[in-house]
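For reference, the structure discussed in these notes is given below.
Since every read-out is calculated from the coordinates, none of them should be taken as a lab result. Here the structure is a predicted model, which means the values were calculated and not measured. All Cβ positions, even for glycine, are placed from backbone atoms using ideal geometry, and neighbour counts span all protein chains on display.
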Amino acid sequence: MLRRFVMITLCAAALALMLAACVATPTPVTVIEKETVVVKETVEVVKEVTKEVTKEVVVTPTPVTMRPQVLRWSIEGINELVSIDPPKASDSQGILAVNMLFAGLVRLDGELRVTPDGATSWTVSPDGLTYTFKLRSGLAFSDGTPATADDVVFSLTRALNPATGGWTGPFYLSNIVGSDDVTSGASSTLTGVKAVDASTVEIKIKQPSAFFLKQLTFAGGFIVPEAKVTANPANWTDSPIGTGPFKLKEWKHNQALILEPNPYYWNGPIQVTELQMPFFQDSETAFQLYRTGGLDIMGSQQNGVPAARLAEVSDLPDFRAASSFAVRYIGFNNMLPPFDNVKVRQAFARAIDKQALATKVLGGSVRPSDRILPGGLPGSELPIKGLTFDAAAAKQLLADAGFANGKGLPPIAFSYGVEGDNERVVTFLQEQWKQNLGVQITLEPLELATFSERLNTTYQHPEQGIQMYFSIWGADYPDPQNFISQQLRTDVGNNNGHWSNAAFDKLVDEADVIVGNDSKRMTLYNQAEQLAVDEVGWLPLFNPTLNVLMRPYVSGFVFTGQGITVPDWSAVRGKTQ
């Protein structure tokens, strides 16, 4: 809802020069709901009679601030968002935007613990297979329409439906009973999710899970309005409504998102009266705009201050940094030569001086890594023996594979998305393989959207896919399962390189169903990770650091490995106008 500010001149002489900005209060919405109840009437015998009872529910918007505050937060690495439909958002930039507009039953707090959001509470059955959520009283979408249990059922079902065109649902909701039938198109009903009544949702899962609630904090589990989506399934996001802290004021395509507070947000009032999120393909452009006063926040989880600029900003009070739950890695297409040969993959791994990459190329802005799990993530405290840099060993491995000094290798293309410091990284890697293996590779730069499409092709049709690629994985939820099982198990949807190991699959299958014994679960993931490192299921390079510039007057943000987290949007402050 557009905020209208009216300037009122106070007539008293002592206050003649003072102005007060007044905000129009949104009108409460009265919604007529009908529910069926069972009552007992006494006639000749006592009998039960079903009656329909009509009641009025008044959804009242929260009061808002009396003075406008604007927050300008850049989204780097893109020229446009792929989608703001929760299950269809396909990259970190889209997920950031979706989190402004939508929310789910639960969310992560400032310490990355699962905490209530749309649901005020939940219970879990003794066998760990049934979750019952009680929705928050007065939970509403940003137009004042109540958000009900039916909307939750619809949202989870839609996220799994292949016709929706999203990937997060089939990944992160696959443990729900009936999910396979929905994703295969065999059924339009998700049997494991039921609206017990208007404010109670029951979810049944196939097997116990220590991370199921964490998965519900991700976009695929967010609540969307059934009535609005079904009325206009193709274009409903032109004017979306959600239960998140903001609503869409304007989407300037290929330029920016302009958001304003959701007056019906349960945890309001939101003090930031306008959130501007401009898009920048190049982080350097965003940096320059910040430096000239055009931004309040520059940077997010996977994009931030360019490495070449860190030295000039690291001592500023504006600069914030945190270790990121993300890993930059090289993926190999295990279905195409020469990377169907484990010794070739190992040779390429051992030919890279990761310390030089981190310090000389990226200015110490990252942490070199020989493992898949980022530091600080549960399970990362257990050691891994990596394939460390050893040029002589790398040459011997390549010779053992039948390609001494690179002779006999087919032409090799190295694909990467054009963003941030990627070009500097892949150019360094190209030189390392030439110097230490005698192998000449061709670099293939791609726009991010094209790069993502090529990865999808590599998974779906590996024989037509890319040979090797430079990519990143950041935690969608803070659990090692998101990096181990969800990435490298045989044929799982994120396993674009088609690496496969039966012993690995057995370990993660056992770990995934352990509840109440994190020590054992982490040990199994650790053993699986070691196998993946040994056989180069992924070739991890480094863990990025979250490097952000934020004006001193901005408050309410928490920096974690998960990225920038907002525990309470009502506590966020921008620049007072």
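Report the semi-axes of the equivalent ellipsoid for region 202-295 in whole Å, largest first, where each axis is √(5λ) for an eigenvalue λ of the Cα gyration tensor.
Gyration-tensor ellipsoid for region 202-295: 31, 19, 16 Å.
Return the distance in nm (one decimal) between the two label points of a simple spin-label model at Q355 and D340, each offset 7 Å from Cα along Cα→Cβ.
Those two pseudo-labels are separated by 3.8 nm.
Beyond 21 Å, what share of the Cα-Cα pairs of region 503-577 remains, rounded to the nearest whole percent?
I get 57 percent for the Cα pairs in region 503-577 exceeding 21 Å.
Please give the net charge around L429, taking every other residue with its beta carbon less than 15 angstrom from that of L429, where Lys and Arg add +1 and Asp and Glu add -1.
Computed value for this residue: +2.
Given the rule -39500 (n - 2.57) for each run of at least 4 DSSP H residues, summed and divided by the residues of the chain, what is its mean residue ellipticity at 222 nm, to the nearest 500 deg cm²/dmol?
Computed mean residue ellipticity for the chain: -6500 deg cm²/dmol.
Measure nothing but the geometry: give the 0 to 90° angle between the long axis through the Cα atoms of 391-400 and the longest principal axis through the Cα atoms of the chain, rounded to 10°.
80
Roughly how far apart, in whole Å, are the Cα centres of region 440-489 and region 284-336?
Cα centroid of region 440-489 versus Cα centroid of region 284-336: 21 Å apart.
State the extension gain, in nm to one decimal, for the chain segment bounded by R291 and S137, taking 0.36 nm per residue of separation less the distance between their alpha-carbons.
So the chain would gain 51.0 nm between R291 and S137.
Checking the a/c ratio against 1.5 first, then a/b against b/c, what shape does the Cα gyration tensor give for region 103-234?
Rounded, because the longest to shortest axis ratio a/c is under 1.5.
At a Förster radius of 25 Å, what calculated FRET efficiency corresponds to the Cβ-Cβ distance of E463 and L443, to the nearest 0.05?
It comes to 0.65.
On C-alpha positions alone, give me the angle between the axis of helix 149-160 and the longest principal axis of the chain, in degrees, nearest 10.
20
Extension gain A393-K575, at 0.36 nm per residue separation less the Cα-Cα distance, in nm?
59.9 nm
If you filter region 539-577 for chymotrypsin sites (Phe, Trp or Tyr not before Pro), then keep DSSP loop positions with at most 15 other Cβ within 10 Å, what is left?
Y553
Using only the alpha-carbon atoms, how far is helix 92-101 inclined from the longest principal axis of the chain? Give it as 0 to 90 degrees, nearest 10.
Roughly 10 degrees between the two axes.
Looking at [x] 23.6, 76; [y] 26.5, 93; [z] 26.1, 99, which value of Rg and Dmax of the Cα atoms in Å comes from a calculation on the structure shown?
For Rg and Dmax of the Cα atoms in Å, the calculated option is [z].
Rank G474, L455, V152 by how far each Cα sits towards the positive end of the charge dipole of the chain (+1 on Lys, Arg Cβ; -1 on Asp, Glu Cβ) and give me just the farthest.
With unit charges placed on the Cβ atoms, the residue in question is G474.
Among A399, G386, V533, whose Cα lies farthest out toward the positive end of the dipole of region 326-545, if unit charges sit on the beta carbon of Lys, Arg (+1) and Asp, Glu (-1)?
The listed residue farthest towards the positive side: A399.
Could you tell me what percent of the DSSP beta bridges with both partners in the chain are antiparallel, to the nearest 5?
85
Work out the length of the dipole vector of the chain about its Cα centre, built from +1 on the beta-carbon of each Lys and Arg and -1 on the beta-carbon of each Asp and Glu, and round it to the nearest 20 debye.
With only Lys, Arg, Asp and Glu charged at Cβ, the dipole is about 960 debye.
How big is the gap, in Å, between the Cα center of region 507-577 and the Cα center of region 150-169?
25
Over all directions, how big on average is the projection of the convex hull of the alpha-carbon atoms in region 326-545, in square nanometres?
Value for region 326-545: 11.2 nm².
Run the numbers for R424 and D197: contour at 0.36 nm per residue of separation, minus the present Cα-Cα distance, in nm.
Net length gain for the segment: 76.1 nm.
What percent does the relative contact order of region 326-545 come to when contacts are Cα pairs within less than 8 Å and at least six residues apart?
Rounded, it is 35 percent for region 326-545.
Could you sort out which of K204/K228; K88/K385; K214/K247; K204/K506 sit more than 30 Å apart by Cα distance in this structure?
The pairs that break the limit, which is 30 Å between Cα atoms, are K88/K385.
Once you place label points 7 Å from the Cα toward the Cβ at A404 and D518, how far apart are they in nm?
Reported label-point gap for A404 and D518 is 5.3 nm.
Given region 266-384, report the % of alpha carbon pairs whose separation exceeds 19 Å.
The calculated P(r) of region 266-384 puts 64 percent of pairs beyond 19 Å.
Could you tell me which of L139, G118, S314 has its Cα farthest along the dipole of the chain towards the positive end, charges placed at Cβ (Lys, Arg +1; Asp, Glu -1), taken about the Cα centre?
Final value for the positive-end residue is S314.
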